[in-house]
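Participant: Before I ask anything, here is the structure I am working with.
Read-outs: derived from the displayed coordinates by stated rules, not from any lab. Keep in mind that what you see is a predicted model, and the values were worked out from it rather than measured. Cβ atoms come from the backbone with ideal geometry, glycine included; neighbour counts cover every protein chain shown.
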Amino acid sequence: MNVLAELQQKGLIRHIGLSKLTPTQIAEARRIVPIICVQNHYKLVHRADDAGIEDLARDGIAYAPFFPLCGFTPLQSAELSDIAASLGATPMQIALAWLLEPSANILLIPGTSSLKHLRENLQAARLQIPSEVLANLNSMGKPEKGF
């Protein structure tokens, strides 16, 4: 981290974002250099960072969940399909819309290999998830120890 701070002080890099960090590592890094983004594994069924996302938002630090749709097999359930159908969406769109719900600092970068899939991903940002549906989605994944 000290090397990154030195490079920033020399003007060779402008901003620093870090990936795959524990809460302790984030705190240590922030004592050395300003951090603008944290990227960790986070999605509907992998929620170790639930508590920390709001803390980062409060401090103006973006949060980018990596692999927000990868390994999606556990979410391919009748319950998720029913929720998606009731909202006129796909299960993947519901998962992306859910990620946008908790905080304004969430920066989504879902991968795609087709224009059709890209359009579907973009439509997820327009979905309005009713509070009772959001509560149901929140119960699908168990928060894990994280921040």
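Participant: For a quick check: with amide H placed at 1.01 Å from N, whose amide H comes under 5 Å from residue 42's, ignoring anything fewer than 5 positions away on the same chain?
Facilitator: Result for residue 42 returns 66.
Participant: Nothing charged except the Cβ atoms of Lys and Arg (+1) and of Asp and Glu (-1): what's the magnitude of the dipole of the chain about its Cα centre? Round to the nearest 20 debye.
Facilitator: 460 debye
Participant: Sticking with this one: Please report 49, 59 as a ranked list, fewest other C-beta atoms within 10 angstrom at the top and most at the bottom.
Facilitator: By the 10 Å Cβ count, ascending: 59, 49.
Participant: Rank 11, 111, 60 by mean-square fluctuation in a GNM of the chain with C-alpha springs under 10 angstrom and give only the top-ranked residue.
Facilitator: Its mean-square fluctuation being the largest, the pick is 11.
Participant: Sticking with this structure for a sec: Counting only DSSP beta bridges with both residues in region 2-140, tell me the antiparallel percent, nearest 5.
Facilitator: Counting only bridges with both partners in region 2-140, antiparallel ones make up about 10 percent.
Participant: Here is a further query. Based on other C-beta atoms within 10 Å, arrange 24, 90, 112 from fewest to most.
Facilitator: The most exposed by this proxy come first: 24, 112, 90.
Participant: So, one more: Take the chain, connect every pair of alpha-carbon atoms lying under 10 Å apart with a spring to form a Gaussian network, then pick out the residue of 128, 93, 39 with the largest mean-square fluctuation.
Facilitator: Of 128, 93, 39, the most mobile in the Gaussian network model is 128.
Participant: Can you count the Lys pairs in the chain whose Cα atoms are under 16 Å apart, with each pair 8 or more apart or on different chains?
Facilitator: Pairs that pass both the separation and distance tests number 4.
Participant: Additional query: Could you give each residue of region 12-21 its phi-based ³J(HN,Hα) in whole Hz, using Karplus coefficients 6.51, -1.76, 1.60 with θ = phi - 60°, and x for Gly or Pro?
Facilitator: Once rounded to whole Hz, the list reads 7, 9, 8, 10, 10, x, 10, 10, 6, 10.
Participant: With unit charges on the beta carbons (Lys and Arg positive, Asp and Glu negative) and the dipole taken about the Cα centre of the chain, which residue among 8, 106, 91 sits farthest to the positive side?
Facilitator: Farthest along the dipole direction, towards plus: 8.
Participant: Counting only helical runs of four or more DSSP H residues, what would the 222 nm mean residue ellipticity of the chain come to if each run contributes -39,500 (n - 2.57) and the total is spread over all its residues?
Facilitator: When only DSSP H runs of four or more count, the value is -13000 deg cm²/dmol.
Participant: Then there's this: With the chain treated as a Gaussian network of Cα nodes joined by springs under 10 Å, which of 94, 106, 13 yields the largest mean-square fluctuation?
Facilitator: Taking springs between Cα atoms under 10 Å, the residue moving most is 13.
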